[in-house]
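Here's the structure, in structure tokens; my notes come after.
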Amino acid sequence: MGQNVLITGTGREMALGFNLVRRYLMAGDRVFAAARKESAALEKLREEYPEALTVIYMDIGNTQSVREGISQVASAADHLDLLINNAVTTAYDCGENVLKADPDAMAPAFNVGAVGPLRVIQACYPLLQKSDAALIVNISSEAGSIGACYRTNMTDYAMTKASVNMMTKTIANAIRDEKNMNIICIHPGWMRTNEGNAEAPLEPFPHAETLRLLFEERRRDKDGDLFITWEGEPYPW
């Protein structure tokens, strides 16, 4: 079997996380798929790949839940080669203008979308250190770019993704001297993941393979850009 992969935010069949799970399984990897709540789609996929897929239910908004979830990974694998932080949430209607947005309602989005990936990275760090070439991928967004920002809304989502970008850079600084570990964040592109994205140009399942191949290209590249697009091009912070 190939590498050991952990992906968060995998419970929705039409979304990116679930389709990344499918692509890595098809590539022959051992996959740990994390979701906040039970997913019929994941359970069905586990029946198809009983030896290669482990489903873990954990809430990345809760530190103890993350620790318990990653302990399940550690009991089944002695190392991790790839961590993809994909899980995200929004607190309420992101269409609200920033000057009218409810700051208190935004807090849950930060707890899950910004702090959550850090919880997962910290819990996985000992397993990642045991890999010959570990890669951490934080799924960001063009919405998290300060330099390219044009919106007056999507406040919780955009600020959360900007936080993810800063976390990525900070961790890159912290692991600079660890030759066997790398990290990137990526704007994955606009995909048809729900009815509201029906006009998006990218289909999640084929696009997941584009991303999988890109991640492998960047696995050992510690000198390349940290914030990139799905085409491998740098994106403004």
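The values are calculated or read from the model by the stated rules, or taken from the named source; none is laboratory data. Since the structure is predicted, the reported quantities are computational estimates derived from the model, not experimental observations. Neighbour counts run over all protein chains shown; Cβ positions are idealised from the backbone, glycine included. We work out accessible area using only protein heavy atoms, side chains counted, and drop any ligands, DNA or RNA first. Shrake-Rupley method; radii C 1.70, N 1.55, O 1.52, S 1.80 Å.
Screening Phe205 against (1) assigned to a helix (DSSP H, G or I); (2) open to solvent by 70 Å² or more (accessible area, probe 1.4 Å) leaves a single unmet condition, (2). Among the residues of this structure, Pro108 counts as one that is open to solvent by 20 Å² or more (accessible area, probe 1.4 Å) and assigned to a helix (DSSP H, G or I).
When each of Thr229, Thr168, Thr152 is tested for being touching a strand residue (DSSP E or B) at 6+ places or on another chain (Cβ under 9 Å), over 28 Å from Asn62 (Cα atoms) and among the hydroxyl-bearing types (Ser, Thr, Tyr), the lone residue that passes is Thr229. Selection of the range 222-234 for residues being open to solvent by 60 Å² or more (accessible area, probe 1.4 Å), in a loop (DSSP other than H, G, I, E, B) and more than 16 Å from Thr170 (Cα to Cα) yields Trp230, Glu231, Glu233. Scanning the range 184-198 for residues that are farther than 17 Å from Gly11 by Cβ and crowded, with 16+ Cβ neighbours inside 10 Å yields Ile184, Cys185, Ile186, His187, Pro188, Gly189, Arg192. Look at Thr160 and say whether it is closer than 16 Å to Asn86 by Cβ, in a helix (DSSP H, G or I) and polar (S, T, N, Q). Considered against the rule, which asks whether it is closer than 16 Å to Asn86 by Cβ, in a helix (DSSP H, G or I) and polar (S, T, N, Q), Thr160 comes out as yes.
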